[in-house]
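Only one structure is covered here, and it is reproduced in the block below.
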Amino acid sequence: MLGWIVVVALAGLGFRRFSLGYPARPVGASTLGAREIHTVRIAGRTIYPEGGAIAASADRAGLALHADRFVGAQTGKNRILMRLLLVAIEHATLVFPAPGPRGWRRFTALEPDQRLAYLDAWRHSELPARRLVFVSLRAILTMGYFANPEVLRSLGLAPREIPRVVTEADLLWPAVGEHPQSIRFTRGDLTPPGDARAPLGPTGTIHPDYR
Amino acid sequence: MNAGVRVFAEYHRDFEDVCDVVVVGSGPGGAVVAYELARAGKDVVLVEEGPPFTPEDFELDGALSMARTMREGGLRTTRGTIMATMQANALGGGSLVNSAICVRAPEFTLDGWCDEFGLEASTRADLDPHYQAIEDFLGIAPTPDDVQGPRNLLFREACDALGYSSEPIARNVRGCVGSGECFNGCRARAKQSTDVSYVPAAIEAGARVYTSLQVQNVLASGSRVWGVTGRVVRPFTEELGHRFRIQAKVVVLAAGCMATPVLLQRSGVANGSGQVGENLQFHPGVAAMGVFPRETQPQFGATQGYQSLEFVRDGYKLETLWAPPGVFAVRLPGLGFDLKRSLSMIPHAAIWDAIATCNRSKGRVRARRWGMDPSLRWRLDPKDLTILVEGLWRLVELFFAAGATRVLPGVHGLPEEFRSLDEARRIRSREFRETDFTLAGNHVFSTTRMHGDGRFGVVDEFGRCHETDNLYIADTGVLPRSPSVNPMLTLMALARRTGRQIAARV
Ligand SMILES: Cc1cc2nc3c(=O)[nH]c(=O)nc-3n(C[C@H](O)[C@H](O)[C@H](O)COP(=O)(O)OP(=O)(O)OC[C@H]3O[C@@H](n4cnc5c(N)ncnc54)[C@H](O)[C@@H]3O)c2cc1C
Ligand code: SF4
């Protein structure tokens, strides 16, 4: 009987730890679940807080939705690995507790300075596998950060417009997924060979998607 | 049917085709072979698993770009020593996303190949006519100063200051505007990747090009092959559709150093020697970031515009580098405000890298039970690790010689930044483990290597399989070991020779 009570209590605690108290999945997310999105969001706030040398925060840069798109663009095996990575970060406090009171709480439930210390411990770990998990998490977030127009503009890194050049290849295939009937160029559109093109520079017009 | 490139939207049922030669893979190896054969009047079918890209299809977001153009979403790694390695999945193969660097292999390297691998016709003098023909076809020329941008020119200044040789990198580009976006694909259509150069020329000469077809097996009976089979695959997914079979008098595998051994192992072909998939080699690279007092406008300029071959005989090559910021920033130190501070230095930064020959470090490729992705195992030899460390040291030395005020080495166990060369000297005295480095290796070789003796290699020096009379291989798997420099041009020279050899025989 006592055994059953312990099992039921543990199941309840497990359910609470793994499932309860997460905010709903944001509109626009289609691959990651509510818990995973929340983990990305909180990790994002820890790694890219508001203010500092670059103004934009993780929230403003839309890291959670970018991570959702990135994971969605991956093939099956990678999606599973990336989701496991998020679970590892969220729950490895049971194995590597964060410093401070109740450091075994799930990552997203820790205090902000505990989260920072927890991730920093992964970063400096002597276990290569643990460092790798951290680097992978930071990579996902960093790629999202640098996809944000505001971040790129603030560093002068926004892509510039490049005039469309038409070559023989443009007569041979359509855009990915389209039928060849959609090819819009003809021989008359070909850019003459040797047409001088000015090198890009900081005064160039910013690409419309990054303005 | 479209007279150009056949695309996913055009496959409505299972189909069969017959030709003289079927070439699998449209990267630098396969496209050159297909062109040479079509030009010689052969009936050629070029089959490619990836889709063809238009400039509008290129993603400017590095993460999404990688997920679309690279195998395993760009996240492929080796086991053993963990190292990232990227192989493309697109018409044009690696040439679509690479930095367009075209360098002839040094004479001493090719002489070494001949001596060690029983080759008789692969000296520099043997390959020079093929190198020349490719260079002429693609307009390969040293990068001019007007598209170098400050971060490439700083490298030249650094080499001059230290008395190291340096040169503008020769690239296969026409009208480069220095967007530094080679990794995402060239929006300016300047890079002469094979999709916009050799493939259109092969079509013009009569070749048929089928994209979005994954070859899964080589058909063989006895010591001959007679075609390939596989499935249609929807772009950017692993979703398989209709089946196809293409019969041919000759099969050329140019699916890349990772995919060709998988095809051979799955098909049980050409592996009596047990060498298929063995001898896997890479050029692992380390990169560091230098920060300069003035702005470097790092996103402008050729992706990789300058190099130094000063230390090639010592086993490493130094180059400039640029990549989507989100991709290289993975190596930068810090967390929270510290990380933001590191990233904010990018407008004043340059990134340079060292790639090492690493002939002692070997691995293998194996087919998995399911799917076409390879299982990769590779280990960095400790002596090769010391060469990488030496390469890192030279990079740091160059940065300070060019006036950098700090250098971020991105290596576990070292300080996050060096403020002076004196501080950095500890690089040379410290013991490193391979796991201290964030390694990447996109140059891959030797998994179906050429050898004069069929017991020790898979193909002869003309790319013909020792055991299978009408099966050829034309990708970097045939290189017997590292070419000491970036491999694409050497592969293309070898592929040209292979194409001509087949044309003479069919
Ligand atoms: C980011 C990056 C930068 C690089 N920069 C340079 C550089 O500047 N200079 C240089 O010399 N080298 C560079 N390299 C390396 C160079 O691109 C490769 O060495 C070169 O592309 C190899 O050519 P390949 O023909 O052997 O194989 P690949 O280029 O890999 O081509 C193989 C083709 O076969 C297709 N394929 C694979 N399996 C199948 C199948 N089952 N069915 C049908 N098709 C299949 C693939 O989709 C691919 O298109 C770089 C590589 C990368 C990834
Ligand atoms: S630097 Fe830009 S313009 Fe030049 S070849 Fe590369 S992608 Fe094209």
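Quick notes on this one:
- Value of D in µm² per second that Stokes-Einstein yields for segment B:1-110, Kirkwood Rh from Cα pairs, at 20 °C (1.002 mPa s): 130 µm²/s
- Around the Cα centre of segment A:2-155, unit charges on the Cβ atoms of Lys, Arg, Asp and Glu (plus for the first two, minus for the last two) sum to a dipole of about 340 debye.
- Probe 1.4 Å, all protein chains present, accessible-area order of B:His283, A:His124, A:His179, largest first: A:His124, A:His179, B:His283
- Options B:Ala254, B:Pro487, B:Trp370, ranked by Cα towards positive dipole end of the protein assembly as shown, top entry (Cβ charges): B:Trp370
- Rg over Rh [alpha-carbon atoms, Kirkwood Rh] for segment B:290-393: 1.07
- One compactness figure for segment A:2-155 is 1.10, namely its Cα radius of gyration divided by 2.2 N^0.38 Å.
- C-alpha long axis of helix A:34-47 to longest principal axis of chain A, angle in °: 80 degrees
- Test item: B:295-301 mean partner chain Cβ contacts at 10 Å: 4
- Heavy-atom accessible area ranking, 1.4 Å probe, most first, across B:Ile140, A:Ile80: A:Ile80, B:Ile140
- Segment B:388-506: radius of gyration over Cα atoms, expressed as a fraction of 2.2 N^0.38 Å: 1.58
- As an equivalent ellipsoid, segment A:84-184 spans semi-axes of 45, 17, 12 angstrom, where each value is the square root of five times an eigenvalue of the C-alpha gyration tensor, largest first.
- Space enclosed by the convex hull of the alpha-carbon atoms of segment B:272-333, per residue, Å³: 173 Å³
- Largest-first ordering by accessible area, 1.4 Å probe, given options A:Arg60, A:Arg41: A:Arg60, A:Arg41
- Average beta-carbon neighbours from other chains, 10 Å sphere, peptide B:338-345: 6
- Estimated from the Cβ-Cβ distance and a Förster radius of 22 angstrom, the FRET efficiency linking A:Thr205 and A:Glu178 is about 0.20.
- Segment B:226-295 shape via C-alpha gyration tensor axes, a/c threshold 1.5: oblate
- Whole-number accessible area per residue in Å² for segment A:102-170, which is evaluated in the context of all protein chains at 1.4 Å: 38 Å²
- Whole-Å semi-axes of the ellipsoid equivalent to chain B (Cα gyration tensor, √5λ, descending): 38, 24, 21
- Volume of the Cα convex hull of the protein assembly as shown, divided per residue and given in Å³: 172 Å³
- Among the chymotrypsin sites (Phe, Trp or Tyr not before Pro) in segment B:303-377, those located in a DSSP loop and surrounded by at most 11 other Cβ atoms within 10 Å of their own Cβ are B:Trp370.
- Value of relative contact order over chain B, rounded to a whole percent, pairs C-alpha under 8 Å and six or more apart: 24 percent
- Kirkwood analysis of segment B:29-87, using all unique Cα-Cα pairs, places the hydrodynamic radius at 14.2 Å.
- Buried area at the A-B interface (accessible, heavy atoms, 1.4 Å probe, summed, Å²): 5700 Å²
- Restricting segment B:432-506 to trypsin sites (Lys or Arg not before Pro) that sit in a DSSP loop and have at most 14 other Cβ atoms within 10 Å of their own Cβ leaves B:Arg433, B:Arg455.
- Helix A:112-124 axis, angle to chain A major axis (alpha carbon atoms, nearest 10°): 70 degrees
- Hydrodynamic radius of segment A:159-211 by the Kirkwood approach over all distinct alpha-carbon pairs: 13.3 Å.
- Tail beyond 15 Å, pair distance distribution of segment B:101-184 (Cα, percent): 68 percent
- Where both bridge residues fall in chain B, DSSP classifies roughly 70% of the beta bridges as antiparallel.
- log10 of Debye I(q)/I(0), alpha-carbon scatterers only, for segment A:100-150 at 0.17 Å⁻¹: -0.62
- Cα point-scatterer Debye curve for segment B:461-506, base-10 log of I(q)/I(0) at q = 0.27, 0.29, 0.30 Å⁻¹: -1.00, -1.10, -1.14
- Partner shielding of B:81-93 amounts to 1, given as the average count of beta-carbon atoms from other chains within 10 Å of each residue beta-carbon.
The values are calculated or read from the model by the stated rules, or taken from the named source; none is laboratory data. All values derive from a computational prediction rather than experimental measurement. Please note: Cβ atoms are built from the backbone with ideal geometry, for glycine as well, and neighbour counts cover all protein chains shown. With ligands, DNA and RNA removed, areas are computed over all heavy atoms of the protein, side chains included. Shrake-Rupley method; radii C 1.70, N 1.55, O 1.52, S 1.80 Å.
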